[in-house]
Amino acid sequence: MSKLIAPSVLAADFANLQRDVEMVNNSDADWFHIDVMDGVFVPNISFGMPVISAIKKHAKKTMDVHLMIVNPDQYISTFKKVGADILTVHYEACTHLHRTVQAIKAEGMKAGVALNPHTPIAVLEDIIKDIDMVCIMSVNPGFGGQSFIENTYKKVQQLKHLIEFNNTECLIEIDGGVTNKNANQLIEAGADVLVAGSYVFGAEDPTATIADLKQLIS
Ligand code: DX5
Ligand code: ZN
């Protein structure tokens with residue numbers, strides 16, 4: 001499978017959101033990565049349903065929604081309604097993760113599970129066959145523009161082994177601090193999807209930056 005780039009809208013210019021959504025539409029990017037933060041699970045608040053609906057109105061690519069919220073179960077059907085194609089919840093925020101994953105799939109979305117940097121891959125052993133994607137956080141969730149945590153490479157390799165051992169098709173997504181400096185090594189370790197926020201939207205030419213990143217990992 002070809003490797004995917006998912007620009008994180010968190011780093012877009014919210015006063016020019018339609019312009020930035022069109023930029024992603026017309027670029028080599030594959031998905032929109034959409035970060036929802038509640039100020040409880042993480043020490044920051046991003047945006048919610050009205051903004052996601054507004055993005056959906058213009059987005060022509062897969063909507064990859066990353067929930068950094070407590071009680072995600074409460075909002076699963078709402079996220080479907082506002083346009084999520086993939087819904088990722090945090091392992092650390094779900095007491096009944098298996099139930100949550102089944103509820104996401106019952107709504108017709110792909111189910112992802114995100115792991116904080118301190119959470120070992122081994123906690124996924126008994127759920128890996130049920131999920132479509134694992135999002136390995138390569139920064140502590142809550143903010144864009146943080147430095148990549150080097151321990152991530154090891155976790156990607158461990159997850160790749162777990163997926164192969166179970167003979168299942170689960171994507172590996174990396175989220176946080178992704179740049180042209182670590183993209184190759186992440187793909188070599190087994191990653192499938194690279195999220196990039198500040199690296200893309202902070203660049204002078206975001207379209208060219210996406211093209212270069214895509215080229216680098218193809
Ligand atoms: C962090 C978010 C990330 C963030 C990535 O909590 O989940 O998706 O937007 O931003 P960069 O690429 O700037 O680290
Ligand atoms: Zn994210």
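The values are calculated or read from the model by the stated rules, or taken from the named source; none is laboratory data. Model, not experiment: these values are computed from the prediction. Here the Cβ positions follow ideal geometry from the backbone for every residue, glycine too, while neighbour counts run over all protein chains shown. Areas reflect the complete protein model, heavy atoms only, side chains present, ligands, DNA and RNA absent. Shrake-Rupley method; radii C 1.70, N 1.55, O 1.52, S 1.80 Å.
Looking at the range 1-18, is at least one residue surrounded by fewer than 15 Cβ atoms within 10 Å (Cβ to Cβ), touching a residue at least 60 places away in the same chain (Cβ under 8 Å), among the aliphatic types (A, V, I, L, M) and under 20 Å from residue 131 (Cα atoms)? Yes, some residue in the range 1-18 is surrounded by fewer than 15 Cβ atoms within 10 Å (Cβ to Cβ), touching a residue at least 60 places away in the same chain (Cβ under 8 Å), among the aliphatic types (A, V, I, L, M) and under 20 Å from residue 131 (Cα atoms).
In the list 102, 185, 146, which residue meets the criterion of being more than 27 Å from residue 79 (Cβ to Cβ), surrounded by fewer than 17 Cβ atoms within 10 Å (Cβ to Cβ) and either within 16 Å of ligand 2 (Cβ to nearest atom) or of a type outside the set (Asp, Glu) (or both)? Write out each step before concluding.
Details: 102 fails: more than 27 Å from residue 79 (Cβ to Cβ); 146 fails: more than 27 Å from residue 79 (Cβ to Cβ).
Answer to the selection: 185.
In this structure, residue 218 does not qualify as modelled with pLDDT of 95 or more and not charged (D, E, K, R). Residues that are over 14 Å from the mean Cα position of the chain (by Cα) number at least 1 in none of the strands (runs of 3 or more DSSP E) confined to the range 26-131.
Starting from residues that are in a loop (DSSP other than H, G, I, E, B) and touching a residue at least 60 places away in the same chain (Cβ under 8 Å), keep the ones in the range 190-218 and report whichever is nearest to ligand 1 (Cβ to nearest atom). Looking at residues that are in a loop (DSSP other than H, G, I, E, B) and touching a residue at least 60 places away in the same chain (Cβ under 8 Å), I get 197.
Within the range 55-70, being under 11 Å from residue 82 (Cβ atoms) and either surrounded by fewer than 17 Cβ atoms within 10 Å (Cβ to Cβ) or of a type in the set (S, T, N, Q) (or both) holds for one residue alone: 57.
Could you run through the range 46-90 and say how many residues are on the phi > 0 side of the Ramachandran plot and without any contact (Cβ under 8 Å) to a residue 24 or more places away in the chain? Number of matching residues: 1.
If you filter the range 163-173 down to residues that are within 26 Å of residue 62 (Cα to Cα) and not in a loop (DSSP other than H, G, I, E, B), you find that the one that is most open to solvent (accessible area, probe 1.4 Å) is 164. Taking the criterion of being among the β-branched types (Val, Ile, Thr) and over 14 Å from residue 35 (Cα atoms), the residues of the range 83-115 that qualify are 95, 100, 101, 104.
Any chance the range 108-125 includes a residue that's closer than 15 Å to residue 169 by Cα and surrounded by fewer than 20 Cβ atoms within 10 Å (Cβ to Cβ)? Don't jump to the end; show me each part of the working.
The initial filter retains those residues of the range 108-125 that are closer than 15 Å to residue 169 by Cα, namely 110-113, 124-125.
When the remaining residues are screened for being surrounded by fewer than 20 Cβ atoms within 10 Å (Cβ to Cβ), the result is 110, 125.
The answer is yes, given that some residue of the range 108-125 is closer than 15 Å to residue 169 by Cα and surrounded by fewer than 20 Cβ atoms within 10 Å (Cβ to Cβ).
Comparison of 136, 149 shows that the only residue that is touching a residue at least 12 places away in the same chain (Cβ under 8 Å) and outside any loop (DSSP other than H, G, I, E, B) is 136.
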